[in-house]
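The values are calculated or read from the model by the stated rules, or taken from the named source; none is laboratory data. Note that the coordinates shown come from a computational prediction; the quantities given were computed from them, not determined experimentally. Cβ coordinates were reconstructed from backbone atoms using ideal geometry, including for glycine residues, and neighbour counts include every protein chain displayed. In case anyone asks, the SASA skips ligands and DNA or RNA and just uses the protein heavy atoms, side chains included. Shrake-Rupley method; radii C 1.70, N 1.55, O 1.52, S 1.80 Å.
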Amino acid sequence: MLEENIVMPRIVFVQGCPGAGKGTQCANIAREFGYVHISADDLLRDERMKPESKYGSIIDSHMENDTDVPVEITCELIEIAMKNAQSNRFLIDGYPNNRDNFKGWKREMGDKVDLLFVLYLDCPDIVCIHRCLEKGNSDSECPDNNEATIKKRISTFYNDSLPIVNYYKGMGLVKTIDASQAEEDVFNDIKAIFHRIKK
């Protein structure tokens, strides 16, 4: 649990289709504004590789079967990462990414963090597909090396993650960026948003 005498962590959810540029722009924001970039997928991958982890075998089993890791585990890993960080401002990349994770996040973390807003990188499918294919061709370890796989992941985003974005949009908490632009132009639009946030 986060200690009561520590200021509540301030977080920004970063959402967008595969290929929208979430990882790239999170790195830019972290460098420019001092936010810590937290990717739930990266935390789970790192945890499963630790020999002493009490969750390693559970995570491994879920990843091998392409099922969701229990939300309690993911939230605990995110909370630990926040406690160990040298900052109180965080970018949560691509999470929560479905209804169950969203409900679990609200239950486990809703009263422990201050959600500033949701940054939604809106990008046309055709641009996302092109970017993913380019990345897949240049990175032998990248799974996005065929169009069918990419389209499936984009469809999953629309079915599972976009409703969460729309929920927050209804609360006036979503800031949408045209992510089809060049990386520098996208980041210029993002900077305008972050400069308006109180320190």
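If I filter region 24-49 down to residues being open to solvent by less than 40 Å² (accessible area, probe 1.4 Å) and touching a residue at least 60 places away in the same chain (Cβ under 8 Å), which single residue comes out as nearest to His62 (Cα to Cα)? Filtering region 24-49 for residues that are open to solvent by less than 40 Å² (accessible area, probe 1.4 Å) and touching a residue at least 60 places away in the same chain (Cβ under 8 Å), the one nearest to His62 (Cα to Cα) comes out as Cys26.
Screening Ser61, Ser57, Ser53 for residues that are out of contact with any Lys or Arg (no Cβ under 7 Å at 6 or more places or on another chain), open to solvent by 20 Å² or more (accessible area, probe 1.4 Å), part of a loop (DSSP other than H, G, I, E, B) and small (Gly, Ala, Ser) leaves exactly one candidate, Ser53.
Scanning region 65-72 turns up at least one residue that is among the β-branched types (Val, Ile, Thr), without any contact (Cβ under 8 Å) to a residue 40 or more places away in the chain and touching a Leu at 6+ places or on another chain (Cβ under 7 Å). For region 53-68, check the following and say yes or no: at least one residue is among the small types (Gly, Ala, Ser) and in contact with a Phe, Trp or Tyr (Cβ under 8 Å, 6 or more places away or on another chain). For region 53-68, residues among the small types (Gly, Ala, Ser) and in contact with a Phe, Trp or Tyr (Cβ under 8 Å, 6 or more places away or on another chain): absent. Working only within region 99-123, note down all residues that are assigned to a loop (DSSP other than H, G, I, E, B) and out of contact with any strand residue (DSSP E or B) (no Cβ under 8 Å at 6 or more places or on another chain). Within region 99-123, Gly110, Asp111, Lys112 qualify. Looking across region 143-199 at every residue that is outside any helix (DSSP H, G or I), modelled with pLDDT of 95 or more and among the β-branched types (Val, Ile, Thr), the one that is nearest to Phe13 (Cα to Cα) is identified as Val174.
Okay, residues lined up against (1) within 15 Å of Leu173 (Cβ to Cβ); (2) touching a residue at least 60 places away in the same chain (Cβ under 8 Å); (3) surrounded by 15 or more Cβ atoms within 10 Å (Cβ to Cβ); (4) in contact with a Phe, Trp or Tyr (Cβ under 8 Å, 6 or more places away or on another chain):
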{"position": "Ile80", "(1), (2), (3), (4)": "no, no, no, no"}
{"position": "Asn84", "(1), (2), (3), (4)": "no, no, no, no"}
{"position": "Asn88", "(1), (2), (3), (4)": "no, yes, yes, no"}
{"position": "Ile92", "(1), (2), (3), (4)": "yes, yes, yes, yes"}
{"position": "Asn98", "(1), (2), (3), (4)": "no, yes, yes, no"}
{"position": "Lys103", "(1), (2), (3), (4)": "no, no, no, no"}
{"position": "Asp111", "(1), (2), (3), (4)": "no, no, no, no"}
{"position": "Asp114", "(1), (2), (3), (4)": "yes, yes, no, no"}
{"position": "Val127", "(1), (2), (3), (4)": "no, yes, yes, no"}
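May I ask you to verify whether Lys50 is of a type outside the set (A, V, I, L, M, F, W, C) and within 18 Å of Phe157 (Cα to Cα)? In short, no.
Please give the number of the condition Arg89 fails out of (1) under 15 Å from the mean Cα position of the chain (by Cα); (2) under 21 Å from Asp68 (Cβ atoms); (3) basic (Lys, Arg). Against the list (1) under 15 Å from the mean Cα position of the chain (by Cα); (2) under 21 Å from Asp68 (Cβ atoms); (3) basic (Lys, Arg), Arg89 comes up short only on (2).
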